[in-house]
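The values are calculated or read from the model by the stated rules, or taken from the named source; none is laboratory data. Worth saying up front: this structure is predicted, and the values here are computed from it rather than measured. When we count neighbours, we look across all protein chains shown, and the Cβ atoms used for this are built from the backbone with ideal geometry, even at glycine. These accessible areas exclude ligands, DNA and RNA; they are computed on the full protein's heavy atoms, side chains included. Shrake-Rupley method; radii C 1.70, N 1.55, O 1.52, S 1.80 Å.
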Amino acid sequence: MVTTVLITGFDPFGGGDRNPSGELALELAERHGLGADARAEVLPVVFRQASGAMRRLITETRPDVVLAMGLAGGATTLRVERIGVNFFRGGPDNAGDRYDGEEIAPGGPPAYFSMFPIDRLLAESRDCGVPARDSLSAGSYCCNEVLY
């Protein structure tokens, strides 16, 4: 049985002309060499559209693994998020919208934990020379929306 992997990144945002997360998602799907069926998509940096696109992709691909990547300005290491919270704050997104404390899913659970084997991923990343650490929360922008 072939493993199906969905890899996502994001469009540029905040006035930037590129977003390495989207570029990396496309490259990983094309050149991963893992013996898996990989599909990559670049998600919009627009609140509510990002999570809608992710739900559609999961329904279409029925992946065994989802690797959702984003970009945190100023980060100097790979960071692996543990928790997605039911909370929007920030902006403007690429549609010009701002949010200040709205729930992603009104009435939904306060948070979801990632099901990814985070400690193993961190150890293997470090073994390959990639500086990596865990991050408790994905923040409150579109990366968090997609994880939640």
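Key figures for this structure:
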{"quantity": "Residue with peak Gaussian network fluctuation, the chain [Cα springs, cutoff 10 Å], from 131, 20, 63", "calculated": "131"}
{"quantity": "Degrees, to the nearest 10: 118-127 long Cα axis against longest axis of the chain", "calculated": "50 degrees"}
{"quantity": "Calculated FRET value between residue 1 and residue 27, using beta carbons and R₀ = 25 Å, to 0.05", "calculated": "0.50"}
{"quantity": "Principal-axis tilt of helix 49-61 within the chain, Cα atoms, nearest 10 degrees", "calculated": "40 degrees"}
{"quantity": "Accessible area per residue, Å², the chain with all protein chains present, probe 1.4 Å", "calculated": "59 Å²"}
{"quantity": "Label-point gap, in nm, between residue 39 and residue 119 - each point 7 angstrom along Cα→Cβ", "calculated": "3.3 nm"}
{"quantity": "Only Lys, Arg (+1) and Asp, Glu (-1) charged, at Cβ; the chain dipole about Cα centre in debye", "calculated": "160 debye"}
{"quantity": "In nm, spacing of pseudo-spin labels at residue 65 and residue 100 (7 Å Cα→C-beta vector)", "calculated": "4.2 nm"}
{"quantity": "Candidates 21, 114, 51: whichever shows maximal mean-square fluctuation once the chain is modelled as a Gaussian network with Cα springs under 10 Å", "calculated": "114"}
{"quantity": "Region 56-148, relative contact order in percent, only Cα pairs under 8 angstrom and at least six apart counted", "calculated": "41 percent"}
{"quantity": "Tilt relative to the chain, helix 20-31 - C-alpha long axis, 0 to 90 degrees, to 10", "calculated": "30 degrees"}
{"quantity": "At most 15 other Cβ within 10 Å, DSSP loop - trypsin sites (Lys or Arg not before Pro), region 53-148", "calculated": "98"}
{"quantity": "With eigenvalues of the C-alpha gyration tensor scaled by 5 and rooted, region 4-148, Å", "calculated": "23, 17, 17"}
{"quantity": "Choice from 130, 45, 85 with maximal GNM fluctuation in the chain (Cα, 10 Å cutoff)", "calculated": "130"}
